[in-house]
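Undergrad: Dropping the structure in here first, questions after.
The values are calculated or read from the model by the stated rules, or taken from the named source; none is laboratory data. Small disclaimer: the values here were computed from a predicted structure and weren't measured. Note: ideal-geometry Cβ built from the backbone for every residue, glycine included; neighbour counts use all protein chains shown.
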Amino acid sequence: MRIDLHTHSNRSDGTDPVDVLIAHAKRDGLDVIALTDHDTADGWAEGRRAAEQLGIGFVPGIEISCKLNGIAVHLLGYLPDPSYQPLADELRIVRDGRTDRIPSIVARLNGLGVALTVDEVLAQATGTPSVGRPHVADALVANGTVADRGEAFDRFLADGRPGHVSHYAIDPGRAIDLVREAGGVPVVAHPWGRSSRKVVTAETIAQLVDDHGLAGIEVDHQDHPPQARETLRGIARDLGIIYTGSSDHHGIGKIDHELGVNSTEPEQFERLLEVAKANAAASATTGPEVYLP
Ligand code: AMP
Ligand code: ZN
Ligand code: FE
Ligand code: FE
């Protein structure tokens, strides 16, 4: 069983349409794929349809933009009911904030002497409700300023670089509550990734488990070197929570994140499905269902 629980389509900042992403997952021999676009459930219906046609397991998810002490933290929510109003309202505010910051990013880049317009950025984000820095990067590639997304982040867009403008994001504890109320399973994405390692300590993880019912953490991720993975796995075991592994695939938008480069152990996936069942039963919502062929 090869299970990849974190991928992006072009409904957010991945480069593949949903059906192409699912087809690639099948081609690459995955048994289960979760679609976890940033702050949107837009691709779920199409993903499920494609997965049913091809006979590959499909888990609907969302990667929710959170912020702790001003630092970006990402929360994966598996199988929440996206129509649960408090969750839907928060996600809409996040998406609006993503779009609203584009003029400020463009103004900063213009101030650095880089030619770029808001329309050029939005042209890279047609069909997605969730505009991100990678779309700014794509616009910079398209007009010849940089060679690829990586160069755009290194020179302009990474946290701390001159073209970075943050956007509204949700408190992680609140986001965990919302996912659970919506019958879903909350898992912190890449806790020791680039930005979040500054604020997601072992104590923070324990607190999110105790106070909010965090169900798991993503352990096997390309942002985590081997030692970090083992330490995080130990933290998960000590706390009795789930640990996952995934690619965080973005199509051709992110190198070294090929589908299935990391995967989730079947026992951990089984636990995740059990938590989903329990949270769905405890919630007043009717969530989506996992598809397993
Ligand atoms: P945003 O959602 O607008 O804050 O942008 C964050 C997104 O940019 C995340 O999905 C990251 O995967 C992506 N990202 C961050 N650094 C890089 C990089 N060096 N190259 C490509 N994508 C990146
Ligand atoms: Zn992304
Ligand atoms: Fe992320
Ligand atoms: Fe991601």
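Undergrad: Which one of 245, 253 is within 16 Å of ligand 2 (Cβ to nearest atom) and within 21 Å of residue 44 (Cα to Cα)?
TA: 253
Undergrad: Moving on. Within the set of pairs 6 or more residues apart or between chains, which connect a residue that is of a type outside the set (D, E, K, R) inside the stretch 265-281 to a residue that is surrounded by 15 or more Cβ atoms within 10 Å (Cβ to Cβ) and assigned to a helix (DSSP H, G or I) with Cβ atoms less than 7 Å apart?
TA: Listed by first residue and then by second, the contacts come to 279/180.
Undergrad: Under 24 Å from residue 132 (Cβ atoms) and within 12 Å of ligand 3 (Cβ to nearest atom) - does that describe any residue in the stretch 224-241?
TA: Residues of the stretch 224-241 that are under 24 Å from residue 132 (Cβ atoms), as a first pass: 224.
Subsequent filtering for residues that are within 12 Å of ligand 3 (Cβ to nearest atom) retains none.
No, there is no match, as no residue in the stretch 224-241 is under 24 Å from residue 132 (Cβ atoms) and within 12 Å of ligand 3 (Cβ to nearest atom).
Undergrad: For the stretch 1-101, which fully contained strands (runs of 3 or more DSSP E) count at least 1 residues that are away from ligand 4 (no atom under 16 Å from the Cβ) and of a type in the set (Phe, Trp, Tyr)? Break it down stepwise before answering.
TA: Numbers: elements: 32-38, 57-68, 71-78.
In the stretch 1-101, the matching strands (runs of 3 or more DSSP E) lie at 57-68.
Undergrad: If you check every pair at least six apart or on different chains, which have Cβ atoms under 7 Å apart with a residue in the stretch 7-24 that is closer than 17 Å to residue 51 by Cα and at pLDDT 95 or above first and a residue that is within 16 Å of ligand 3 (Cβ to nearest atom) and basic (Lys, Arg) second?
TA: Final answer for the pair search is 18/11.
Undergrad: Let me ask something else. Given the condition surrounded by 22 or more Cβ atoms within 10 Å (Cβ to Cβ) and either without any contact (Cβ under 8 Å) to a residue 40 or more places away in the chain or among the charged types (D, E, K, R) (or both), answer yes or no: does some residue in the stretch 244-254 qualify?
TA: yes
Undergrad: So for the stretch 241-250 (the condition being assigned to a strand (DSSP E or B), within 16 Å of ligand 4 (Cβ to nearest atom) and of a type in the set (S, T, N, Q)), does at least one residue qualify? Show your work before the answer.
TA: Taking the stretch 241-250 and keeping what is assigned to a strand (DSSP E or B), we get 242-245, 249-250.
Next cut, within 16 Å of ligand 4 (Cβ to nearest atom) only: 244-245, 249-250.
Going one step further and asking which of them are of a type in the set (S, T, N, Q), we end up with 244.
The answer is yes; a qualifying residue exists.
Undergrad: Based on this model, can you work out whether residue 82 counts as touching a Gly at 6+ places or on another chain (Cβ under 9 Å), more than 16 Å from ligand 1 (Cβ to nearest atom) and touching a residue at least 12 places away in the same chain (Cβ under 8 Å)? Before you say what the answer is, go through the steps one by one.
TA: Working: touching a Gly at 6+ places or on another chain (Cβ under 9 Å): yes; more than 16 Å from ligand 1 (Cβ to nearest atom): yes; touching a residue at least 12 places away in the same chain (Cβ under 8 Å): yes.
Judged against the criteria, residue 82 is a match.
Undergrad: Could you list all residues from the stretch 109-144 that are free of Cβ contacts under 8 Å to residues at least 24 places away in the same chain, surrounded by 17 or more Cβ atoms within 10 Å (Cβ to Cβ) and part of a loop (DSSP other than H, G, I, E, B)?
TA: Answer for the stretch 109-144, where residues must be free of Cβ contacts under 8 Å to residues at least 24 places away in the same chain, surrounded by 17 or more Cβ atoms within 10 Å (Cβ to Cβ) and part of a loop (DSSP other than H, G, I, E, B): 124, 125.
Undergrad: Residue 160: modelled with pLDDT under 95, over 24 Å from residue 92 (Cα atoms) and among the small types (Gly, Ala, Ser), yes or no? Outline the logic, then answer.
TA: Numbers: modelled with pLDDT under 95: yes; over 24 Å from residue 92 (Cα atoms): yes; among the small types (Gly, Ala, Ser): yes.
So residue 160 fits the description; yes.
Undergrad: Return only the number of the condition from (1) within 16 Å of ligand 1 (Cβ to nearest atom); (2) modelled with pLDDT of 95 or more; (3) not hydroxyl-bearing (Ser, Thr, Tyr) that residue 254 does not satisfy.
TA: Residue 254 satisfies every listed condition except (2).
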